[in-house]
Amino acid sequence: MATVDQHPIGIVAGSGIELNSILDTISEETPFSSVPELAGGGVEGHAYRFIRGRCGPAEVILQCGRFHAYEGFSFEEVVRPVQVMYEWGVRTIVFTNAAGGLLAPMKPGDLVAIDCIRTWPFKRFDLPESLNTDFIVPGCDFTGVYGWMHGPCYETRAEIRTLQSLGCAAVGMSAGPEVFRCHSLGICAAVISCITNSCVTPQVLTHQHVLETARNSSARLCEQLRAFIGTCQKT
Ligand code: HPA
């Protein structure tokens, strides 16, 4: 059982994922643009704001939007929101993201609890080749390895085969740098990937499709996060 003591829990909503209904009450909204150290991002499906509120008895800071390597941001810019949440007292973060499914039985809408992130073969940032997450949020359809890619293009068939041979279950373009920064700050990190498309039967994939599928899975993800937050004990 996770322990959150007096610290707010950080939840990061990935592309198209709408988690606002996790908050029973809202006490403060902070657009990224009003935090001096944060860069401005422009990916559709990201609201670029922090929302502070309560989920049951727990204080939550919901981060809507993130920065990606594929937008051209530096490592420090990509991980800056993690640093900001740390400065606000957050010591536990659940990252959510949209991802492609690399296992045959996976279908759009499935949720994957990520236990490890592989960053190879991409090498622009100086990251370890593999990073473990610190805990698993219960209730996902699969548990597995996330292949972090630079993007912005979705993967070629050769890349998909490589990721599968590395044992990856899901592939996407976020979370790797953020989890790495969590480890250096002592933040406990979990990742849930929402499968928006199967990579096993390659399709012409658009950001719009990813956003729409992620949006449709948001209600279930909210319920799951609520249940998880309910198990976090105050110390
Ligand atoms: N690849 C990378 N990122 C993604 C995908 C994918 O197939 N689907 C959603 N985000």
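Every read-out reported here was derived from the displayed coordinates using simple, explicitly stated rules and does not represent laboratory data. Just so it is clear, the model here is predicted, and its values are computed rather than measured. Note: ideal-geometry Cβ built from the backbone for every residue, glycine included; neighbour counts use all protein chains shown.
Odds and ends about this structure:
- Of the residues making up segment 54-111, those that are within 16 Å of the ligand (Cβ to nearest atom), among the aromatic types (Phe, Trp, Tyr) and in contact (Cβ under 8 Å) with a residue 40 or more places away in the chain are Tyr70, Phe95.
- Any hit, segment 166-173, residues being touching a strand residue (DSSP E or B) at 6+ places or on another chain (Cβ under 6 Å) and exposed (fewer than 15 other Cβ atoms within 10 Å of the Cβ): yes
- Any hit, segment 160-170, residues being outside any strand (DSSP E or B), within 12 Å of the ligand (Cβ to nearest atom) and of a type in the set (A, V, I, L, M): yes
- Within segment 171-195, being away from the ligand (no atom under 11 Å from the Cβ) and in a strand (DSSP E or B) holds for Cys188, Ala189, Ala190, Val191, Ile192.
- Residue match in segment 196-216 (condition: under 16 Å from the mean Cα position of the chain (by Cα) and in a strand (DSSP E or B)): yes
- Residue check for Gly147: in a strand (DSSP E or B) and either within 12 Å of the ligand (Cβ to nearest atom) or of a type outside the set (D, E, K, R) (or both): yes
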